[in-house]
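Contents: one structure, followed by commentary.
Nothing in this text is a laboratory measurement; each read-out follows from the coordinates by a stated rule. Since this is a predicted model, take the numbers as computed values, not measurements. Every residue, glycine among them, receives a Cβ derived from its backbone with ideal geometry; neighbour counts consider all protein chains shown.
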Amino acid sequence: MSRPVNYAEKCSRISNAFYNAGLEKAQIRDLTGASQCLKRSLAFDKYNTNARNLLGLIYYEIGETAEALVQWVISSNLKQEQNRAAHYIYEIQGKPGRLEDESVHIRRYNQALIQAQNDNPDLAILQLGRVVDHKPNFVKAHMLLALLYIGREDYARAGKSLYRVLQIDKNNPKALWYMSVVKSHTGRADVEKRKLKNAFSHHQMQDDDIILPPSYRENTGWQMVLHIVAGLAMGAAVIFFLVMPAREEQLNDSHNREMSQVLEQVNQKSMEIDEMEASVTAMESERDAAAAELQEIMDENGGVLSQYQQLAHILRAYKADDFPTAVELYTGLNPEAISDEGMQAIIAEIRQDMEERGYQVLADLAGQARDAGNTDLALDYYQKSLNIKADNPQVLYDMAMVYQSREEEERANELFGQVILNYPDTELAAKAKEARGY
């Protein structure tokens, strides 16, 4: 009689097999392949804490600390005794300000992503540069930064960002694809092809290899005579060419002295011309610097003048009792561009009002846009609301639901993870777990 199939045991074995495969890939820094194996492992056995802990370590290695903590929190709940997940959580939460810093970096990345989507790559690049300076292992930030550089045809900087990604995750498919684009535009791909072709195109010569020219024949008698005649003629030619240069040198000596004097005068004039060109270049640099400074002041998007105009529009909206318009205008204000102390006091009052009730106006506008089917506008309003008040789990959850409706599971899961991690004892955390399938 055959033994009955134990499906739980079979699933556990398959899960362990995928875990072992993921561990091997992680050891050779194939983090993308490892994470895929570990997710399959958890699909067969969600109680496999070894696979879940390793998946958290991979998330942490690529800079996604929130996702790592989600996996470790779940693991510690499934197995409370002798579980390394508790040590990992303590290492992160035990450092003062660590979670706050992580939240700031994630918020900057999200802002850069929205700026890139709204055709504002310069600000996005600045934001991402600050992110990767503080989180050099944040793969998503490096990838977005490389993509923006490729869009600007700055392939050298794009290659540096992609090289960093491939150091962290050597088989990242998107990074490999972007790197092939960079190499094709920098000529690096052709160089590598030539090196590979030369390496396998011929064998190396050995010490006993002899190369015989195809025209080699043994000399005959007549050939010996011809060689002697040719040698005599060559000797006469050598004598002629050795004697003639000495005679010509005597004849042209005076002419050379005259040419030297002329060349010295020409060099003197050239030096004067170079000094004049250097002076012109310096004046052009000063002119360009002044023009750049003026452009910075007059810039329509972020210049000093435009920010004063933006503040005036906000005050006009307050005067007209049009608070929603004031809120929307406030999202485009850059207070750092305004140096006047009196204006800074006004801005402080406006900021306090926005933090108390302005963020909710933006959240309501986002909900209206979402109900109308305009998810792009809804996400923009949600992000602006978070820019004013970051501590808002309801907005994070609503954003995640919008991304989930757009089948952008990765972004949705990231926001669900923030709700679960930062607000663990709330009803929204339970809903987020349910939405993620836990």
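Side notes on the structure shown:
- Rounded to 0.05, the FRET efficiency of the residue 36 and residue 157 pair, given R0 = 41 Å and the Cβ-Cβ distance, is 0.90.
- Calculated diffusion of segment 100-196, Stokes-Einstein form, Kirkwood radius summed over Cα pairs, 4 °C and 1.567 mPa s, µm²/s: 94
- Here segment 373-409 is scanned for amide nitrogen atoms under 19 Å from the site 7 Å beyond the Cα of residue 318 along Cα-to-Cβ, giving 388-389.
- Estimated D of segment 1-160 in µm² per second, where Rh is the Kirkwood radius over Cα pairs and Stokes-Einstein applies at 25 °C, 0.890 mPa s: 139
- Under the shape rule built on the C-alpha gyration tensor, where the axes satisfy a ≥ b ≥ c, segment 20-85 is oblate, since a/c reaches at least 1.5 while a/b does not exceed b/c.
- Cα gyration tensor shape of segment 388-438, rounded if a/c is under 1.5, else prolate or oblate by comparing a/b with b/c: oblate
- When each of 398, 353, 371 is scored by the number of other beta-carbon atoms lying within 10 Å, the sequence from fewest to most is 371, 353, 398.
- Neighbourhood net charge (15 Å Cβ-Cβ; Lys/Arg +1, Asp/Glu -1) for residue 382: -3
- Counting other Cβ atoms within 10 Å as a rough exposure proxy, the listed residues 177, 72 run 177, 72 from fewest neighbours to most.
- Residue order, fewest to most beta carbons within 10 Å, for 179, 399, 354: 179, 354, 399
- Per-pair calculated FRET efficiency, R0 = 45 Å: residue 43 and residue 345 via Cβ, rounded to 0.05: 0.20
- Anisotropy class of segment 142-181 from Cα gyration tensor, a/c 1.5 cut: prolate
- Modelled spin labels at residue 93 and residue 7, positioned 7 Å past Cα toward Cβ, are 3.6 nm from each other.
- For segment 304-436, average projected area of the Cα convex hull in nm²: 9.1
- Net length gained if the chain between residue 409 and residue 23 were fully extended (0.36 nm per residue, minus Cα distance): 136.5 nm
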